[in-house]
Structure formats: structure tokens, C-alpha cells
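Since the structure comes first, as C-alpha cells, the remarks are kept for the end.
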Amino acid sequence: MLRSLQLKFLLLLLAVVAIALVSTILFRHFMLRDFNAYLEGEAEDKVYLIQADLEGSYERSGGWKTDIQAQEAIRALMSGFEMRLTDKEGKLVIDTGSAIESASPLVKRRLMALAQFNVPDGAGAFVPYPLFLAGKQIGTLQIRQLRPVREGVFLQRSNGFLVLSIAVIGGIAVLMSILFSRRLTRPVKELAVAASAISRGDLQKRVAVSRRDEVGELAENFNFMAKALETQEALRRKLIGDVAHELRTPLSVMRGELEGLIDGLIPNDPARLQSLYEETGRLGNMVDAIEELGKAEASLLSLNRQWVDVRPFLQNILERFRAQSQDRGVAMELTCPEGFRLHADPERLSQVILNILANALRATPGGGSVSIRVGPAEGGLEIVVTDTGRGIRQEDIPFIFERFYHGPGGGLGIGLTIVKELVEAHGASIAAASMPGEGASFRILFPAEAVHNSS
């Protein structure tokens, strides 16, 4: 159970709540401790002041006077102290109770109304303070501090409020922790269930995207991955059918001719052997194309990079198609400024351009044109091959670089996949655009670090 992600989040949040509540209690404890220390210091100062008043009164009166000391006792009571005063022989001079009793009834009522102090049993012993005058002890002040009733009420209410706050806020925090941990981990659980379904072969499984944070972005990427896997699986199945179909025809032809040769129904002459040889060549080309694709996708193609002069490089490639384009009545042109150089593998780059030009020529009828335009773009260099042929269907454009995908024209759909792999191996990108019946264009964009312009 401890492996549950929701439980881990819940324990983490509860730990944070507990730390916050304990910190609040400790903060209150330390604050009250320091405040009590401050009050004790002030009480000590008041005791010294009472002691000084009594010594001064004794000096002014020439001895202890009960009525005068009664007033001192009442003032001490108003300051929060109960006192007893004894002379040097230890005889009681006055205490707080006697001072109150000696007052008039009206004054006594006012004193009791003003001085609301809590004097519980065992409130604490009296602390003696000797009184001196001219170096001689004249008596002893015994005093203890009283706690106001309001102070006890305040502490009682504050403690109750603290307990209530901890219970309410702690309960809300725990509830929010449970809800938040569930909300946070629910998308992760859904992703785990969907991933498990995909691992079992259910490539149509998707997760709902209901958030716009990192978890929502993860869900979107997961759905995109699942869609890509589903597409790849569909292409793989299509590959099996395409390869089986493509291989079936030459194999059937070869098998029929070989059976005829074995049975003596077909003469064993050079023409028949030439036909068998052509069929084996066709099979070899298909196998080579599939192997080339596997190498490209596995990044086994090692690029031999060097600086290539773009204009003469493309002119040389166009010359290879010159005779073919003239036979088909298709015009070919190159627009490329002088001075541009690319850091690329000339053999692989030639393979890319040749493949795109071959496709363009096949798609362009007589009277049309195929052009190559080179120029700076987006900080790098672009090579754009454009034709005026039949174009590409809009629904095919997103998939033309996928493995084994082909439109109505047939074929294995390997050439453009290899082109894309080789282009990306150079750190470049390729994109296609087309309008059916108006031609197509392929744009290759090389990054700035692979381009040098000497003009």
C-alpha cells in the first residue's frame, strides 16, 4: 500500500499540515514564555518601588504608622501584590486584608471592584524583602504577586480558541489534502491504465485531457504518442500487405518459368534466362530499398561531412536528368546565387535531391517544368524543389514521409522516408506543400551553423 502514489502524496501533505500546526503551538509557547519573563521583570521593578516607598515613609514618619502603611498596602494591591509588613522585632504592622478592612465601606467596595485578583489556595508563598534605613534593618516586607481574574479568563479563552483553531483548520487541511492528492494522482492513474492497455496491444486507448498544467501536457503527449503508435502499426500492417503483393508477382513469374523450364515446356534460351534475371533484379532492388530504410531509421548511416559548393553541386545533379527531362518535354531550371556552401555529406545529399527530382519528373507531364531554388531563409539556407505536375492529395501530405505510405501511384513508399531520415541526420528539416493539379514543392531548410556564404 505504501507504493501507492496517492498515499505518498497524502502522507506528504499531512506531514506539512502537522509541521504547520506544531509550529503554531511552539510559536505560541515561546511567545507566552518570553511575555511572562517580561511581566516578571516588571513585577520585580514594582516590588523594588514598593520597598523604596515603605523605606521613605518610615523615614518621613520616624517609624511605622498603621494608617500610612495601610495606604501603601492598598497601592500595592492595586499594583497586583498582596503584602505583609513586620517591624524589626517581627511584629505585624499591616497586611493587605487589614488595610482593606480599615477603609470605609464605600472605599472598600471600590477597591474590590477595581482590584479583581485571583487568590487561589496555594497561590504561592510570600517572598521576604528586608527593609533598611541608614544601614539598619527597620522591618521586613513579605509580598506575593496576584493574578488578575481577567488574565485567567484570557488564558482560558485563548487556549480554547487555539484548540478549536487546530481542530477546524487541521480538519480542513486534512480534507483538502485527501481531495488534492486524489485530484493530483487521478490523471497519473489514468495514464498508467492507458499505458498498460497499449502495452497489451490496445493502441486506440486515450486519456481525457481536462487540465492545462504539466500533467495535462503529459496527457496530450501521451495521446499523441498513442496516435503515432497506432499509425505506425497501421503502416506496418500495410507494409506486410504491400511487400507480400510486390513480392508475389515476380516470385510467381519466376516460379512459373522455372517450372516450365524443368518440365521442358519452355525452351532454355538466353531470352528466358534474361527474363528470370530481370525478375531477380527487381526483387533485389526491393530488398535493398527496405535494407536502406532500416539503416537510415537506425541511424547506421555515417555521414562524411565536408563543405559542398551548392551551385555546382546542384548543376551536376540537374545534368543527370537533362536527357530524361528533354525526352519527356519537361523544362528544368536552377536559381542559386554564387558563394553558398553547405557542410554536408555530398553522397547522401545527392541521394536526397535525386529522389525528390525523380519524383517530380514522374509527376510532371510534357510541357511542365521542374525548378530548384536556393536562398537564405530563417537564418539558414533553403533548397526548394517545385514542379507543375499532378500534385499531392491534401489527405496524403501529412503522411508522405511515413514509412511505406504511398498514394494512388503505388510503390513501397520508402523513398521519401529515406529522404526525411537523411535530411534530419544533417540537422535540417523538410516539408511538403501541394495543390492537386497545380504541382508540389519540397522545402529543405538547413540551420545557420551548416551554411557558409563567401559572397
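At a glance:
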{"item": "Test: residue in the stretch 213-233 that is out of contact with any Leu (no Cβ under 7 Å at 6 or more places or on another chain), more than 30 Å from Ala15 (Cα to Cα) and either assigned by TED's automatic domain parsing to the domain that holds Thr24 or modelled with pLDDT under 75 (or both)", "result": "yes"}
{"item": "Conditions (1) without any contact (Cβ under 8 Å) to a residue 60 or more places away in the chain; (2) within 25 Å of Ala428 (Cα to Cα); (3) surrounded by 13 or more Cβ atoms within 10 Å (Cβ to Cβ); number of the one not met by Glu333", "result": "(3)"}
{"item": "Matching residues, the stretch 364-395, being surrounded by fewer than 17 Cβ atoms within 10 Å (Cβ to Cβ), more than 18 Å from His343 (Cα to Cα) and of a type in the set (D, E, K, R)", "result": "Arg373, Arg393, Glu395"}
{"item": "Scope the stretch 306-335; condition among the polar types (S, T, N, Q) and outside any helix (DSSP H, G or I); matching residues", "result": "Gln306, Thr335"}
{"item": "In the stretch 191-222, the residues that are touching a residue at least 24 places away in the same chain (Cβ under 8 Å) and either closer than 23 Å to Leu7 by Cβ or not in a loop (DSSP other than H, G, I, E, B) (or both)", "result": "Leu191, Ala194, Ala195, Ile198, Arg211, Val215, Gly216, Leu218, Ala219, Phe222"}
{"item": "Within the stretch 77-92, tally of residues that are surrounded by fewer than 16 Cβ atoms within 10 Å (Cβ to Cβ) and modelled with pLDDT of 85 or more", "result": "5"}
{"item": "Residue under evaluation Arg373, criteria (1) in a strand (DSSP E or B); (2) at pLDDT below 90, criterion not met", "result": "(2)"}
{"item": "Count of residues meeting criterion [in contact with a Leu (Cβ under 8 Å, 6 or more places away or on another chain) and modelled with pLDDT of 60 or more] in the stretch 114-129", "result": "2"}
{"item": "Boolean, Leu111 is in a helix (DSSP H, G or I), surrounded by 12 or more Cβ atoms within 10 Å (Cβ to Cβ) and modelled with pLDDT under 80", "result": "yes"}
{"item": "Tally of residues being at pLDDT below 75 and not in a strand (DSSP E or B) across the stretch 139-155", "result": "7"}
{"item": "Residue that is nearest to Glu319 (Cα to Cα), among those in the stretch 376-393 that are among the aliphatic types (A, V, I, L, M) and in a strand (DSSP E or B)", "result": "Val385"}
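Yes or no, residue by residue, for (1) at pLDDT 90 or above; (2) among the aliphatic types (A, V, I, L, M):
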residue	(1), (2)
Arg311	yes, no
Pro337	yes, no
Arg341	yes, no
Asp387	yes, no
Gly391	no, no
Gln394	no, no
Ile400	no, yes
Gly407	no, no
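The rows are residues; the columns are (1) surrounded by 11 or more Cβ atoms within 10 Å (Cβ to Cβ); (2) among the basic types (Lys, Arg); (3) assigned by TED's automatic domain parsing to the domain that holds Ile143.
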| residue | (1), (2), (3) |
| --- | --- |
| Asp45 | no, no, yes |
| Ser61 | yes, no, yes |
| Ile68 | yes, no, yes |
| Arg75 | yes, yes, yes |
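The values are calculated or read from the model by the stated rules, or taken from the named source; none is laboratory data. Small disclaimer: the values here were computed from a predicted structure and weren't measured. Every residue, glycine among them, receives a Cβ derived from its backbone with ideal geometry; neighbour counts consider all protein chains shown.
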